[in-house]
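Inspection log for the structure reproduced underneath, given as structure tokens.
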Amino acid sequence: MKPKEKEIKKSYRAPIGPIHIALEEPVYFKLDLQGETVKGVDILSGFVHRGMEALVLRRNYLQNMIITERTCSLCSNNHPFTYILAVEKIADITPPPRAQYLRVIADEIKRAASHLINISLQAHLIGFHSLMTQTMETREILQDIKETIWGNRMDLSANTIGGVKYDLDQERQKYLIKKLTQIRKPLKRVLNIFKTNSMVRLRTEGVGVIPKEDGLRLGIVGPCARGSGINNDIRDINPYAAYPDLDFEVVLEHGCDVRSRTLVRVREVYQAINLVEQCLKKLPDGPVRTPNLPRINEGEGVARTEAPRGELFYYVKSNGSDKPERIKWRVPTYMHWEALTVAMPGNKLADTAVIFNSIDPCISCTER
Amino acid sequence: MEDLGITVIKVVFIWTWVLLIATLMTWVERRGSAMMQDRLGPNRAGPFGLLQPVADGIKLFTKEDIVPEKAQKILFSLGPVLFALPAFSAYAVVPFGDKLVLDGKEIILQVADVNIGFLYIVALGGLAVYGMVVGGWGSNNKYSILGGLRSTAQLISYEVPFGIVLLAVVMVFGTFSLREISLAQQGTFLGFLPNWGVFKQPLGFILFMTAAYAEANRVPFDLPEAESEIVAGYHTEYGSMRLGLYLFGEYVNLYTLAALTVTLFFGAWHLPYLDMSHFLGPISYGIASFLVFFLKTAFFLWLFVWIRWTVPRFRYDQVMGLGWKALIPLSLVNLFVTALIIQLTV
């Protein structure tokens, strides 16, 4: 036989996306497959680019709170929140203490809801549909809370420059406590399946490993970093709002795989509920907004917060007019894309969707 | 040998019956899964949404029949037929009751009492793979080809333990005929246990069920059509009634497998400790045996739905590992132990 005939085409390319049943948002993977094993991955993006960084320059500081909130639905609280923190740094505004606590409450409720959506999607991707619907059903209690207190199921519009836009009176506090007690039982039941079910373990253990060294090199953030044993929790290393007064421990797992990232999220859901309860106990009296906001002078401000997906970073530059001169934001998913090239090769085609979901991708944040 | 007329009536009856149950199963599956997921499921068409399968059928029949431009036309059309045909014919050798005595004539409630009924079923099960492979290849789509290849590997690996377990059952009952196996499960053994296959082959039963789930492409073994991985696999490109044939063939397969489980392991139409033929008239006995058999089958059909919605999907290498590393050795051990016991006791 001639050598040419002997040559078998060793790998082939399978596309996943831009529209694929396992993807929440449009993104395009080109997978190099050898049999069913992934050898390489190429990511193409840009399907949901909306030019937000240009749009924010045409609106004034108050309008930008609205548009940053529309960046992404699941971390829609953190985008305006971080933006506001940066603006407050430029204008040197300190919100009243009650507002600081209320900010944390809104933040943690959104975080719990976001984590629950992610782990429920994981159940869907490993083919466990009933677990997905049950998790979503549990999350519905959080959605009820959001709708009752903030009036919306996704976009809370909780923060404003110099404070918050809502207040919790006695009745709402009671309601919040009641709902949070109510969610604990179904949450425990559902999340225990993620923790203990042997078939869920079989599908997630040892899959999509991002070793600690690679994680540090690639700068991964959020639950992904904490799943690889890296403490990258901005609430802990650079606390903001009311976090310095609150008592919590950073959740760390050392498995580096999909399962540890899920466990981090599972434990953070409990943590979020605890933090909200702590905030309600410590909630100080007083106004929720700074009266008489000053003009925003020339200057630069930088802020970072812990969004559900990881560190969110905002840079705001002001030239003294009512519109910002430049706003740049760095979102957590951006670093995770590069991490996928570490996590995916060596795994099976069947796991690519699970791995992709485990970094909790937010394409609309990243492409803005 | 029976009249041709009676055989034709039986064929028509069992065909209609199986189709009816398979249609109903789509409804049961959707309502059942809805029940487990705090939803309602289809409840608009007819009482409790019972007419939903009819509505689905009309939809599938009247949809435009699209053949992808780059598909291989002949293979593409052949796929669903190759899948549905074995599914529809497999039931022929499975009994659906004992016998009905009409005007002194004995009518056996089974279309064909073939003395190699086992081989027939295993052979048709093997043929069904062609439907998936041909469909997947003909679609000319990477996901479909992957689905087709997965189905080949999976079904072939699980056919082996399936066959070995059946062999152990054959050794226990000493016959290949499904009717004779059913008849042999009358009465008790060891004084208190019903003479059912499940008590004589407990390990065999578990292995058989596992292999049957893999054969039926159901969760946790629904790899060929894993929707979150390869988007419905071999039938990604199919629409209208061609897709209908695939989906329908699957439910017919389920019915056959459930009936086979009952025949082999759960005493077919026999009730434990009770011989119905002693106190029922010939006609009512025929009907009662049919109903008992059907109720048992219905339980196993429900089990298919139940399991589907309560477990996640295996990964492909895990499925193959389970097949070759666990099921085949265990079924061989089962065969060996069965042979040893028979040799020692007979």
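The values are calculated or read from the model by the stated rules, or taken from the named source; none is laboratory data. Quick caveat, the model's predicted, so the values are computed rather than measured. Virtual Cβ from ideal backbone geometry, glycine too; neighbours counted across all protein chains shown. Surface areas here come from the heavy atoms of the whole protein model, side chains and all, with no ligands, DNA or RNA. Shrake-Rupley method; radii C 1.70, N 1.55, O 1.52, S 1.80 Å.
Summary table below
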quantity	calculated
Net charge dipole size for chain A [Lys, Arg +1 and Asp, Glu -1 on Cβ; Debye, nearest 20]	640
Loop sites in region B:1-52: trypsin sites (Lys or Arg not before Pro), DSSP, at most 16 other Cβ within 10 Å	B:Arg39, B:Arg44
Most mobile of B:Gly267, B:Gly174, B:Gly286 in a GNM of chain B (Cα contacts under 10 Å)	B:Gly174
With Cα atoms, 0 to 90° folded angle of helix A:97-125 axis to chain A main axis	20
Gyration tensor verdict on the protein assembly as shown (Cα atoms; rounded if a/c is under 1.5, prolate if a/b is larger than b/c, oblate otherwise)	prolate
Partnerless cysteines, meaning none of the other Cys C-beta atoms lie under 4.7 Å away, in chain A	A:Cys75, A:Cys224, A:Cys256, A:Cys279
Charge sum, other residues only, whose C-beta stays under 9 Å from B:Ser33's C-beta, Lys/Arg counted +1 and Asp/Glu -1	+3
For region A:50-360: accessible area per residue (Å², 1.4 Å)	37
Computed P(r) (all Cα pairs; region A:117-243; 5 Å bins; percent)	2, 9, 12, 14, 16, 18, 15, 9, 4, 1
Cβ neighbours within 10 Å from other chains - mean over A:193-204	2
Sequence-distant aspartates and glutamates (8 or more away, or on other chains) whose Cα lies within less than 15 Å of A:Lys328	A:Glu53, A:Glu69, A:Glu300, A:Glu311, A:Glu367
Nearest-0.05 FRET efficiency for B:Asp38 and A:Arg330, computed from C-beta distance (R0 41 Å)	0.55
Angle in degrees between helix A:129-150 and the longest Cα principal axis of chain A, rounded to the nearest 10	20
Around A:Val164: net Lys/Arg minus Asp/Glu count, Cβ-Cβ under 12 Å	+2
Within-15-Å neighbourhood charge of B:Ser177 [Cβ basis; K, R +1; D, E -1]	-1
Rounded tilt (10° steps) of B:142-173 against the dominant C-alpha axis of chain B	0
Spin-label pair B:Leu127/B:Lys105, simplified geometry with 7 Å Cα→Cβ offset, distance in nm	2.9
Anchor A:Lys282: lysines whose Cα lies under 26 Å away (excluding residues fewer than 8 positions away in-chain)	A:Lys89, A:Lys110, A:Lys146, A:Lys165, A:Lys174, A:Lys178, A:Lys179, A:Lys185, A:Lys188
Filtered GluC sites (Glu not before Pro), region A:179-258: DSSP coil and at most 10 other beta carbons within 10 Å	A:Glu249
Potential lengthening between B:Leu51 and B:Thr175 on full extension [0.36 nm per residue; Cα-Cα distance subtracted]	40.4 nm
Shielding by other protein chains, A:116-129, mean Cβ within 10 Å	4
Protection proxy ranking, peptides A:40-50, B:114-124, average beta carbon neighbours within 10 Å, highest first	B:114-124, A:40-50
Estimated 222 nm signal from helices in the protein assembly as shown, with DSSP H stretches of n ≥ 4 weighted -39500 (n - 2.57), rounded to 500	-18500 deg cm²/dmol
Per-residue average of Cβ from other chains inside 10 Å of B:139-148	2
Gyration tensor verdict on region A:50-360 (Cα atoms; rounded if a/c is under 1.5, prolate if a/b is larger than b/c, oblate otherwise)	oblate
Sequence-distant lysines (8 or more away, or on other chains) whose Cα lies within less than 18 Å of B:Lys70	B:Lys142
Selection of chymotrypsin sites (Phe, Trp or Tyr not before Pro), region B:20-61, meeting DSSP coil and at most 12 other Cβ within 10 Å	none
Whole-number accessible area per residue in Å² for region B:154-252, which is evaluated in the context of all protein chains at 1.4 Å	29
Cα shape, region A:169-321, gyration tensor, a/c 1.5 rule	oblate
A:Glu338 paired with B:Ile66, simple spin-label distance in nm, labels 7 Å along Cα-to-beta-carbon	4.1
Area hidden from solvent between A and B (accessible, protein heavy atoms only, 1.4 Å, total, Å²)	2500
Centroid-to-centroid separation of region B:74-141 and region B:288-346 [C-alpha atoms, Å]	20
Label-point separation in nm, B:Ile9 to B:Ile74, each point 7 Å along Cα→Cβ	4.3
Percent breakdown of C-alpha pair distances by 10 Å bin, ordered from the shortest bin, for chain B	5, 23, 32, 25, 11, 2, 0
In Å², nearest 10: area of B:Asp56 left accessible to a 1.4 Å probe	40
Dipole of chain A [Lys/Arg +1, Asp/Glu -1 at C-beta], most positive-end residue of A:Gln34, A:Thr148, A:Tyr83	A:Gln34
For region A:320-350, residues shielded by at least 20 square angstrom of accessible area compared with the chain on its own, probe 1.4 Å	A:Lys348, A:Leu349, A:Ala350
